[in-house]
1. When all alpha-carbon pairs of the stretch A:9-143 are counted, what percent fall beyond 18 Å?
2. Please report, in whole Å, how far the alpha carbons of chain B spread along each principal axis, starting with the longest.
3. Projecting each Cα onto the charge dipole of the protein assembly as shown (Lys/Arg +1, Asp/Glu -1 at the beta carbon, about the Cα centre), which of B:Gly69, B:Pro233, B:Leu35 comes out farthest on the positive side?
4. For the stretch B:114-170, what value does the Rg/Rh ratio take when both radii are computed over Cα atoms and Rh is the Kirkwood radius, given to two decimals?
5. Using alpha-carbon pairs under 8 Å, 6+ residues apart, how would you state the relative contact order of the stretch B:40-161 in percent?
6. Restricting attention to the stretch B:215-249, which trypsin sites (Lys or Arg not before Pro) occupy a DSSP loop and are surrounded by at most 14 other Cβ atoms within 10 Å?
7. Sketch the reach of a paramagnetic label on B:Ala68 as a point 7 Å from Cα along Cα-to-Cβ, and name the residues of the stretch B:155-197 whose backbone nitrogen lies under 19 Å away.
8. Cβ under 13 Å from B:Val184's Cβ, B:Val184 left aside: what net charge do those residues give with Lys, Arg +1 and Asp, Glu -1?
Amino acid sequence: VSRTLRRVMLVLAVGGLGVASYLTYVHYSGTPPACSFGQSCLKVQTSVWSKVAGVPVALLGLIGYVAILGTLLAPDREESRLATLGLTLIGVGFSGYLTYRELFSIHAICEWCVSSAVIMTLLLIGAGSRYWLGPTVHVDPARNGRAHREDLPAEYREDLVRPSA
Amino acid sequence: MASRTKQKEQARARRLAEERARLEREQRARRLRMLAGVVVAAVAVIVVVIVISVSGSSPTAGPAPGTAGAKHEAATVNSLLAGIPQSGQTVGSPSAPVTIIEYGDLECPICRDFALGSETQLISHDVRAGKVKLVYKSFESATPNPSTFTTQQAAAYAAGLQGKAWNYILLFYHEQGTEGSGYVNASYLGKLARQIPGLNYSQWQSQLGNSSLISRVRTEEQQGVTGSFGGTPTIILQGPKGQTNPVSGSIPYSSLEAGIKEVS
């Protein structure tokens, strides 16, 4: 299950990376984004809210997705799963804020931005379950019930809580 | 014997189960602690980004018309344009070899950046020297709804009927409100007009609903859509050597200078 989830999340992160790359390209090239609601994407992409301290939010998204991909491709450990979760939490929070701006400040919706927000939300759900339901400890009967790293399948070794004794 | 072995085995199984339960409890508690930490950190990051986003966007709004700050802005705009010929949507000598066309949205903050920055330099140097004339056209970007857009742009063109379009356009940019806050209304548009010296207010007001001005805004808007403009402002330079491709964004003055050389 963990492996399938990781694969699905990889696909989602690559999709998000694609969307963010496209929006970053559009931002810097000065071409209008392909949009099914007239000029609403253009409105969103050229609004004051499209930048944070001069950095286009599309680029921030791009960096975010690269970082998420990094944590997904890193060795599957407790820390990397936690890192994915942290990044997707930030991603969802920021996407939520931007969607709020789209709806209430810009009064226009950009489907690219919404699709990125949806991908980010799915990634958060994935990262949350992956972290919480991550591999549990194995107990080694041969060692009187003490769990031991070497007895675990290789992929789980790093997750182990070392016995306190 | 058998029962002793059995007892031993049972005890061992119990120990195993207890150990496993203890480790799982520890793991859950540890994960919960980490989770709380990550949530707090994520919230902190988001709050910082939002604060930067909000503070970064507010300076794009100018002083509201009618305030003391607005008086200063009006003086700046009116002295910048004083003595330069204007006709309709054009500022600059009719015989200027280079024409720069700007497609803009009066509510667009990037247009404001451009107007207060490179465009001001362009007017005080090249337009004043008679080398360049500037033509303003309309393309909707930041304005929340099309009817407000048409009204506000046509209000500037109405000032143009008295040779004051550029005073109106630049005043609008200087006293622009916060994007999307719905600050543009009849009173706002009227206050801008009142700050223009030499503008006949009632004559301007009578031209507000002028259908030929409104249809001009719509035609220009359509040109922008057909030309797939990437936003506002979109700039096109025309000169004896031809014309440049439309470029969008707050273009630096140095790029404008390079463009002027290219077409003249």
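No lab work stands behind these numbers, since they all come straight from the coordinates. These figures come from a predicted structure and were not determined experimentally. Neighbour counts are summed over all protein chains in view; Cβ atoms, including those assigned to glycine, are modelled from backbone coordinates with ideal geometry.
1. Details: 4989 of 9045 pairs.
So the portion of pairs separated by more than 18 Å is 55 percent.
2. Principal extents (Cα only, largest first): 117, 44, 33 Å.
3. Highest projection toward the positive end goes to B:Leu35.
4. Numbers: Rg = 12.8 Å, Rh = 12.5 Å.
Taking Rg over the Kirkwood Rh, I get 1.02.
5. Numbers: 116 pairs, mean separation 34.3, N = 122.
Computed value for the stretch B:40-161: 28 percent relative contact order.
6. In loop regions of the stretch B:215-249 (DSSP not H, G, I, E or B), the sparsely surrounded trypsin sites (Lys or Arg not before Pro) are B:Lys241.
7. B:175
8. Computed value for this residue: -4.
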